[in-house]
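Q: This is the structure I have questions about; it appears just below.
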Amino acid sequence: MEAESGINAQHTVLVVADDQRVLLLAQAVLAGKGHRVLLASDAQRAIELLSQKDIPIHSVAIRAAMRGHEEVRNYSLRQGAKPWTVHCDVDARGIRLEGQDSGAEWESAADIL
């Protein structure tokens with residue numbers, strides 16, 4: 001899955017998560033802060049996007065519990081992108097995200113019913 005928003009923004013953030021609700025909420029929060037946002041639903045797609053030279057990716061938000069988290073983090077560093085971790089709580093009532101590490105300072109909550 002790949003999506004883009006905030007095309008005129010200067011800073012591009014790649015969000016990597018294996019839960020579409022997490023991707024969509026992170027996209028809304030980050031685009032609302034003026035960032036260009038790319039989405040990847042797994043580590044392989046994230047690495048493909050990071051490998052492309054036509055889209056400069058400045059930072060990578062990676063879901064903490066996701067399979068391939070460390071692989072994406074290490075590849076991000078090699079590509080010159082700043083990786084950080086997204087912690088999330090998902091339950092029947094909704095989802096809460098909190099960006100941590102590397103200076104990420106945001107959090108959001110949304111009902112997904």
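Q: Please work out which residue is surrounded by the most Cβ atoms within 10 Å (Cβ to Cβ), limiting yourself to the stretch 38-85 and to residues that are acidic (Asp, Glu) and more than 9 Å from VAL16 (Cβ to Cβ). Break it down into steps so the answer makes sense when it comes.
A: Within the stretch 38-85, the subset acidic (Asp, Glu) is 42, 48, 54, 70-71.
If we keep only those that are more than 9 Å from VAL16 (Cβ to Cβ) too, we end up with 48, 54, 70-71.
On the way: GLU48: 12, ASP54: 4, GLU70: 12, GLU71: 14.
Ranking the qualifying residues of the stretch 38-85, first place goes to GLU71.
Q: Further question: One residue is enough: does the stretch 30-37 have a residue meeting the conditions crowded, with 20+ Cβ neighbours inside 10 Å, in contact (Cβ under 8 Å) with a residue 60 or more places away in the chain and not in a strand (DSSP E or B)?
A: Step one: list which residues in the stretch 30-37 are crowded, with 20+ Cβ neighbours inside 10 Å, which gives 30, 35-37.
Adding the requirement that they be in contact (Cβ under 8 Å) with a residue 60 or more places away in the chain leaves 30.
When the remaining residues are screened for being not in a strand (DSSP E or B), the result is 30.
Yes, because at least one residue in the stretch 30-37 is crowded, with 20+ Cβ neighbours inside 10 Å, in contact (Cβ under 8 Å) with a residue 60 or more places away in the chain and not in a strand (DSSP E or B).
Q: Separate question: Quick one: count up the residues across the stretch 35-56 that are at pLDDT below 90 and over 16 Å from LYS82 (Cβ atoms).
A: Of the residues in the stretch 35-56, 2 are at pLDDT below 90 and over 16 Å from LYS82 (Cβ atoms).
The values are calculated or read from the model by the stated rules, or taken from the named source; none is laboratory data. No experiment lies behind these values; they were computed from the predicted model shown. Every residue, glycine among them, receives a Cβ derived from its backbone with ideal geometry; neighbour counts consider all protein chains shown.
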